[in-house]
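The structure appears below as structure tokens.
The values are calculated or read from the model by the stated rules, or taken from the named source; none is laboratory data. Since this is a predicted model, take the numbers as computed values, not measurements. Backbone-built Cβ (ideal geometry, glycine too); neighbour counts: all protein chains shown. Calculation scope for accessible area: heavy atoms of the full protein, side chains included, ligands and nucleic acids excluded. Shrake-Rupley method; radii C 1.70, N 1.55, O 1.52, S 1.80 Å.
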Amino acid sequence: AQKVTQAQTEISVVEKEDVTLDCVYETRDTTYYLFWYKQPPSGELVFLIRRNSFDEQNEISGRYSWNFQKSTSSFNFTITASQVVDSAVYFCALSEAGTDSWGKLQFGAGTQVVVTP
Amino acid sequence: DAMVIQNPRYQVTQFGKPVTLSCSQTLNHNVMYWYQQKSSQAPKLLFHYYDKDFNNEADTPDNFQSRRPNTSFCFLDIRSPGLGDAAMYLCATSRAGRGAFFGQGTRLTVV
């Protein structure tokens, strides 16, 4: 069975500080996909990033970066120079490979990020 | 510009009175999903459609049904809402190679 663990319940930072969100996952699949989603107070889940299990290259996209380590089953996410608009709940999610599985997501419990001015 | 549209944004229904939530998409994705998200919890998949094929999650109560009359529309029917069904209901679409795209959700209140 798949499982995603986000141990951090809430992180509070002051604007311009960096924020790193931890995510650890469990799966028996050899091919899988990992995601980060943002959920602001309005409720919509906003897709942020996706990583395939066979690609451990870590990248930076604007103020977002991620660190995927298959050896430790971790997929951590960093927001650089945080802004008040980054305040939201962030979900790490896992999906198996398959034509209809891209949206079959196993979510972690979420981490509330609070950025104060 | 909206891609996955859910109506209404807020729905109040009476205990035991059937209610239908709707979702439409302009992305022409062949897969549509319904998630339930209770307060301060992670979203939980209820079921999904791959084209016209319905796929129910094992632990989804029989009280929840879905219809997909065409590619663009998908409906969530709750036959007899209970107080425990109060939640945010999220519709999503996807296609191969992409993650899921979510609508803004419908927040259901049961009184």
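Of all the criteria given as (1) surrounded by fewer than 16 Cβ atoms within 10 Å (Cβ to Cβ); (2) in contact (Cβ under 8 Å) with a residue 24 or more places away in the chain; (3) among the β-branched types (V, I, T), the one not satisfied by A:I60 is (2). At least 3 residues being closer than 20 Å to B:P43 by Cβ and within 14 Å of chain B (Cβ to nearest Cβ) is the threshold, and among the strands (runs of 3 or more DSSP E) wholly inside segment A:1-71 those reaching it are A:3-5, A:32-39, A:46-52.
Among the criteria (1) crowded, with 17+ Cβ neighbours inside 10 Å; (2) over 21 Å from A:A88 (Cβ atoms), the one A:L48 does not fulfil is (2). A search for C-beta distances below 7 Å between a residue of segment B:28-47 that is open to solvent by 10 Å² or more (accessible area, probe 1.4 Å) and part of a strand (DSSP E or B) and any residue that is aliphatic (A, V, I, L, M) and at pLDDT 95 or above, counting only pairs 6+ apart in sequence or on different chains, returns B:Q36/B:L46; B:Q36/B:A87; B:Q37/B:A87; B:Q37/B:M88; B:Q37/B:L90. If we keep just the residues of segment B:86-102 that are of a type in the set (G, A, S) and within 17 Å of A:F35 (Cα to Cα), which is farthest from the other protein chains (Cβ to nearest Cβ)? The qualifying residue farthest from the other protein chains (Cβ to nearest Cβ) is B:G97. Screening segment A:78-100 for residues that are touching a residue at least 12 places away in the same chain (Cβ under 8 Å) and in a loop (DSSP other than H, G, I, E, B) and picking the one that is nearest to B:R98 (Cα to Cα) gives A:A97.
Do we have B:R9 as open to solvent by 10 Å² or more (accessible area, probe 1.4 Å), within 27 Å of A:V89 (Cα to Cα) and touching a strand residue (DSSP E or B) at 6+ places or on another chain (Cβ under 8 Å) here? Quick ask: steps written out before the conclusion?
Details: open to solvent by 10 Å² or more (accessible area, probe 1.4 Å): yes; within 27 Å of A:V89 (Cα to Cα): yes; touching a strand residue (DSSP E or B) at 6+ places or on another chain (Cβ under 8 Å): yes.
Here the answer is yes, as B:R9 does meet what is asked.
Being open to solvent by less than 40 Å² (accessible area, probe 1.4 Å) and away from every other protein chain (no Cβ under 14 Å) is the filter; apply it to segment B:72-85 and report the residue that is farthest from B:T13 (Cα to Cα). Only one residue tops the list, namely B:L76.
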